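Asker: Handing you a structure now.
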Amino acid sequence: MTDIIVIGGGIAGLSAAARLSDTANVMVLEAEGSLGYHASGRSAALIEQNYGAPSVQALNRASFGYLQTNGYLSPRGLLLIARSHERDAFQRDVATLGTEPVTVAEALALVPILDAQKVVLAAYHTEALDIDTDRLLQDFARTVRRSGGRVETGRRVESISYANGEWKVTCGEEQFHAPTLINAAGAWADTIAKMADVEPLNIVPHRRSVARIPAPGDHDVGKWPIFFGVGETWYAKPDAGFLLVSPADEDPVEPHDAWAEDLTLAEGLARYEEVVTEPVTQLQSSWAGLRSFAPDRTLVLGRDPAKPEFVWCAGQGGYGFQTAPAASRLLADLVLGKTPGIDADVVVALTPDRLR
């Protein structure tokens, strides 16, 4: 018998299922043919503990030990750069991200393609680290299976109903039953809520685009940090010998299998090219993912106040991997009726009650 159905096989759903699987029989239903197909498969794969709203930062800090102890982290670093007219925005970002000012010469030593004629301010933080996202995702899936749970791909939900203390989830000709339903459907979180006759929370997906370009000037980019423009108007990050450049766009869209628009990529690449000495001459590939935000831009974790058999695990907003260990532990505590190990004020800031 299945105790809990989790809709969504990204990092949110798999981590929640793994945390619950030692107590309950859990089934994960993923619409696509592979796990982590949408936002989880298009992540920047970085943890920066000072990134996000205060409640997100609390989850980042609470997740760090798990990620570090289990070997999911590797050095990267974060470099913030600014031009002369961006001083005020630079100071705000330095305060928010907890970076330390460095000289332009030190910034050039980290990223030698920066244009010293244009970059006049820089700040650096060593504690921004890469996350082995694929291994983390697969490890959570293995935990579910080892505990006797099921992780099913190609199970697109077509209808949901609740009667006699049990959810019925229909995927094609198959039906799945459980007394508890967890909505970890990412960009489709509100869609799943409507199917289940639960009031949606106005969780809106936002497109984030990425271009993959050859290593500029044939440099070995492997040890470069991720580097940002102020106000997160663009960023660049090494990736397997190439460089990812994102316009850091955040356009609200309907849930769909996202793709990058040429004009958006061109605008982002132009902002990047303004501060480097190597022009972009070739585009290796491009893609986009959907970062889904609740109205207050923090995660939604816990039982729905009007329908407690329906559990929200949504609104990750691009923070999914870096918050997953702590967010999934909190969700499991709330589902199982345990006292959360995280501060009570953080719990209040994350549960769906705040949005009703």
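Asker: Strands (runs of 3 or more DSSP E) wholly in the range 1-87 with at least 1 residues that are under 17 Å from residue 152 (Cα atoms) and touching a residue at least 60 places away in the same chain (Cβ under 8 Å) - which ones?
Answerer: On the way: elements: 4-7, 26-29, 73-75, 78-82.
Because the criterion is at least 1 residues that are under 17 Å from residue 152 (Cα atoms) and touching a residue at least 60 places away in the same chain (Cβ under 8 Å), the strands (runs of 3 or more DSSP E) in the range 1-87 that meet it are 4-7, 26-29.
Asker: Here's a follow-up. Within the range 173-195, count every residue that is open to solvent by 10 Å² or more (accessible area, probe 1.4 Å), out of contact with any Gly (no Cβ under 9 Å at 6 or more places or on another chain), touching a residue at least 12 places away in the same chain (Cβ under 8 Å) and not in a helix (DSSP H, G or I).
Answerer: Matching residues across the range 173-195 total 4.
Okay, residues lined up against (1) closer than 16 Å to residue 184 by Cβ; (2) open to solvent by 40 Å² or more (accessible area, probe 1.4 Å); (3) more than 19 Å from the chain's Cα centre (by Cα):
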{"position": "283", "(1), (2), (3)": "no, yes, yes"}
{"position": "287", "(1), (2), (3)": "no, yes, no"}
{"position": "292", "(1), (2), (3)": "yes, no, no"}
{"position": "306", "(1), (2), (3)": "no, yes, yes"}
{"position": "317", "(1), (2), (3)": "yes, no, no"}
{"position": "328", "(1), (2), (3)": "yes, no, no"}
{"position": "339", "(1), (2), (3)": "no, yes, yes"}
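Asker: Taking only pairs six or more apart or across chains, which ones have beta-carbon atoms under 6 Å, a first residue in the range 138-151 that is farther than 17 Å from residue 2 by Cβ, and a second residue that is at pLDDT 95 or above?
Answerer: 140/14; 140/15; 140/18
Asker: Still on this structure, please answer the following. Can you tell me how many residues within the range 94-124 are among the polar types (S, T, N, Q) and either in a strand (DSSP E or B) or surrounded by 15 or more Cβ atoms within 10 Å (Cβ to Cβ) (or both)?
Answerer: Taking the range 94-124 and keeping what is among the polar types (S, T, N, Q), we get 96, 99, 103, 117.
From the residues that got through so far, the ones that are either in a strand (DSSP E or B) or surrounded by 15 or more Cβ atoms within 10 Å (Cβ to Cβ) (or both) too are 99.
Count: 1.
Asker: Looking at (1) at negative phi; (2) modelled with pLDDT under 95, can you tell me which one residue 218 breaks?
Answerer: Here residue 218 meets the rest and fails (1).
Asker: Could you tell me whether residue 325 is touching a residue at least 24 places away in the same chain (Cβ under 8 Å), on the phi < 0 side of the Ramachandran plot and in contact with a strand residue (DSSP E or B) (Cβ under 7 Å, 6 or more places away or on another chain)?
Answerer: Working: touching a residue at least 24 places away in the same chain (Cβ under 8 Å): yes; on the phi < 0 side of the Ramachandran plot: yes; in contact with a strand residue (DSSP E or B) (Cβ under 7 Å, 6 or more places away or on another chain): no.
No.
Asker: Of the conditions (1) out of contact with any strand residue (DSSP E or B) (no Cβ under 7 Å at 6 or more places or on another chain); (2) open to solvent by 10 Å² or more (accessible area, probe 1.4 Å), residue 299 clears all except one; give me its number.
Answerer: Checking residue 299 against (1) out of contact with any strand residue (DSSP E or B) (no Cβ under 7 Å at 6 or more places or on another chain); (2) open to solvent by 10 Å² or more (accessible area, probe 1.4 Å), the one that fails is (2).
Asker: Sticking with this structure for a sec: Considering the range 243-264 alone, what residues qualify as being over 15 Å from residue 232 (Cα atoms) and either of a type in the set (A, V, I, L, M) or crowded, with 16+ Cβ neighbours inside 10 Å (or both)? Please lay out each step first, then the result.
Answerer: Taking the range 243-264 and keeping what is over 15 Å from residue 232 (Cα atoms), we get 243, 252-263.
Within the range 243-264, 243, 253, 255, 258, 260, 261, 263 qualify.
The values are calculated or read from the model by the stated rules, or taken from the named source; none is laboratory data. Bear in mind that the values here come from a model prediction, so they are computed numbers and not experimental data. Note that we place each Cβ from the backbone using ideal geometry, even for glycine, and neighbour counts take in every protein chain shown. These accessible areas exclude ligands, DNA and RNA; they are computed on the full protein's heavy atoms, side chains included. Shrake-Rupley method; radii C 1.70, N 1.55, O 1.52, S 1.80 Å.
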